[in-house]
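Data first, discussion second: the structure below is written as C-alpha cells.
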Amino acid sequence: RDDGARSRDVSEGTILRALLAQSCVDACKALDAALARGVAVRADTCARVLALCQAREKAKPALRLLQRMEANGMAPSREAMRCAFFACAKRGMLREALVLMSRLDGEGKRFLGKDVLVRACAMCPGGVDGDLGLALLESALRGIMCGSWEPGSTATIRAQMPFAVPRTKDDDDIPAPLVRRDIEYAPGSFKMVCYNDGRRRPVDRLPLELYAPAHPGVIPFAPSGLTEAARYDVPHVPGAFVVTNLLTKSECSAIIAAGHAIGLRTDPGDVDGVTGASRLQYCEFMVWPQNIQGLWRRIADLMPPGAVGINARWRFFRYGPGTIYRRHVDGSWPEGALNEECEYVTDVSDGKVRSRLTFLIYLTEGFNGGSTTFYTATPSEPGVLSARGVVPQLGAALCFPHGEAEESPVHEGSAVTASLNGGETFKYVIRTDVLFNVSDI
C-alpha cells in the first residue's frame, strides 16, 4: 500500500476513536490536522465529525472544517452542509447560516432545501416563533426570491386577506353541518395492506399502518364527470391553484366515514403544550385504480402539462379546535398502487413516475380558521413575512409545488378555532399528490 493510503488510515483511526468517545474537540482537531496535511479523508467520516459539531452546537469548528475540506478540493456533501447549517442555527449565527443557505452545487441546485430551512428555524434560540427563528425564515425566503442574503434581527408576520374561491353552483340546500354522520361500513370493508414499511421515522412517530377498501365499490364514488370542476390560481403563491368541485358532498361524507371506520391515530409527538393531549388525528389508506382514474378524468384538463394522475396513497387528517400543523415543506412521493389482489405496491412505476404537486382535498368547511397558510417574503419590505391563507371549500383540492422544487412553499395547516352558524367543528382533509413522468420533471 502507498504512503497516502497508510496516512489516511492512521488519520481516520484517530478521528474514529474521537468519534467513538464522543469528543467533539478531539475529532475536530484530528480531522483538521489530517486535512491540513492533504490527507484524503473519507466523506462519510467528515460528515460524522460535522454531525457531532451539530449535536454539540460547535458552529465555528464546523465552518472551519468545511473551509478546510474545500481548500483540499473536497466537495462537501449535503449531509455535511446540513450539519454545519444546523449548528449555526443553534448558535443563532444567522449571517453564517445564510451564507450556507445561498450555496449552489455544481449543477446549480441549492445544497440546502426549504425543508432543512424550516427545521433550522425551530433550532434557533427562542424556537420557531422567536425573533431569530422568524428572522432566519424571512431572510432565507427573501434570499431565494431575490438574491439578497442580508440577515435581519427579527421578522414580523403580516396576515394578508385570505383567498376564497368563488362558488360555481347554488348552495342554498347545503345544511349545517355539511357532512352526514350516519354512514356506516360493514365489517370487513377495509383491510390492512401494509404495516411498517421500513422507512426511517422520528422516534415520536408511529410505524405505518396502511389500509385499503376490500374492493373498488366500498367507497361510493359518483360516475366520472358528474361534477363541473374549475381552476383558480392562488395570488402571490407561484404554482398554487385550487380546483373546485372535485368531490360531491356525498363523496366527502363517505370518505370521512371511511377514515373513522379504519380508525384514527395520534402520533406521540403531536401533543398540546398545556393539556398534553394529542391533537392531529390521521389514518392512511389506498384508493383503487378504478376510483383514482375516475377522479382524474374530472380534472385532468385543468392540470399542468406533464401531469399523469393522482397518487392512490391518501393520508386522511382530522383537525380539531386548536389543532395546527406547523410550518413545513411537503415532500415528493413515488406512485403507490393496489394490484388486483388488493396488495400494496410502493412504487408501481419503478421510479418512472413521481409526484411534483401536493393535492390537498378539503372534505369539510364551515368553521373559523383552518386555512392552509403560505409564508412568503415581502421583497419591498425586508423583515416582513406575508401569511396568505387559502380558505377550505368542501370538495375542492388545493395544489402547489413540493419536493426539491425551488418554488415549493413553506406552509402550515392553521388552527380551527370554532364552527360557523352551527356548522363543522372539525376540518377533514386528504393529503395526496399529482404525479408526473420523471423524464418531464
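A few comments on the model shown:
- Enumeration of residues in segment 170-187 that are at pLDDT 55 or above and surrounded by 13 or more Cβ atoms within 10 Å (Cβ to Cβ): LEU178, VAL179, ARG180, ILE183, TYR185
- Residue check for THR364: touching a helix residue (DSSP H, G or I) at 6+ places or on another chain (Cβ under 9 Å), crowded, with 17+ Cβ neighbours inside 10 Å and over 30 Å from HIS215 (Cα atoms): no
- Of the criteria (1) over 20 Å from ALA55 (Cα atoms); (2) of a type in the set (Gly, Ala, Ser); (3) in contact (Cβ under 8 Å) with a residue 12 or more places away in the chain, which one GLY108 fails: (3)
- Screening GLY92, GLY133, GLY127 for residues that are on the phi > 0 side of the Ramachandran plot and either in the same structural domain as THR378 (by TED's automatic domain parsing) or without any contact (Cβ under 8 Å) to a residue 40 or more places away in the chain (or both) leaves exactly one candidate, GLY127.
- PRO392 surrounded by fewer than 18 Cβ atoms within 10 Å (Cβ to Cβ) and not aromatic (Phe, Trp, Tyr): no
- Yes/no for CYS121 being assigned by TED's automatic domain parsing to the domain that holds VAL39, modelled with pLDDT of 95 or more and touching a strand residue (DSSP E or B) at 6+ places or on another chain (Cβ under 8 Å): yes
- The set of residues from segment 230-250 being crowded, with 20+ Cβ neighbours inside 10 Å and in a loop (DSSP other than H, G, I, E, B) comprises VAL234, VAL237, ALA240, ASN245, LEU246, LEU247.
- Members of segment 331-345 found to be within 19 Å of the chain's Cα centre (by Cα) and either among the hydrophobic types (A, V, I, L, M, F, W, C) or not in a strand (DSSP E or B) (or both), listed by number: GLY331, SER332, TRP333, GLU335, GLY336
- Annotation: of all residues in segment 188-241 being closer than 23 Å to LEU357 by Cβ and among the basic types (Lys, Arg), the one that is modelled with the highest pLDDT is ARG231.
- Test: residue in segment 292-313 that is free of Cβ contacts under 8 Å to residues at least 60 places away in the same chain and assigned to a strand (DSSP E or B): no
- Scanning segment 359-377 for residues that are part of a strand (DSSP E or B), under 21 Å from ARG167 (Cβ atoms) and at pLDDT below 95 turns up PHE367, ASN368, GLY369.
- Residues in segment 317-330 that are over 15 Å from the mean Cα position of the chain (by Cα), surrounded by 19 or more Cβ atoms within 10 Å (Cβ to Cβ) and in a strand (DSSP E or B): 2 in all.
- Filter result for LEU20 (buried (at least 18 other Cβ atoms within 10 Å of the Cβ), closer than 26 Å to ALA89 by Cα and at pLDDT 90 or above): no
- Of the listed requirements (1) at pLDDT 95 or above; (2) surrounded by fewer than 19 Cβ atoms within 10 Å (Cβ to Cβ), PHE285 misses just one: (2).
- Test for GLY395: is it in the same structural domain as ALA230 (by TED's automatic domain parsing), part of a loop (DSSP other than H, G, I, E, B) and in contact with a Cys (Cβ under 7 Å, 6 or more places away or on another chain): yes
- Looking only at segment 102-143, and only at residues there that are small (Gly, Ala, Ser) and outside any loop (DSSP other than H, G, I, E, B), the one that is nearest to ARG326 (Cα to Cα): ALA122
- Test: residue in segment 376-388 that is acidic (Asp, Glu), at negative phi, crowded, with 19+ Cβ neighbours inside 10 Å and assigned by TED's automatic domain parsing to the domain that holds LEU280: no
The values are calculated or read from the model by the stated rules, or taken from the named source; none is laboratory data. Here the structure is a predicted model, which means the values were calculated and not measured. Note: ideal-geometry Cβ built from the backbone for every residue, glycine included; neighbour counts use all protein chains shown.
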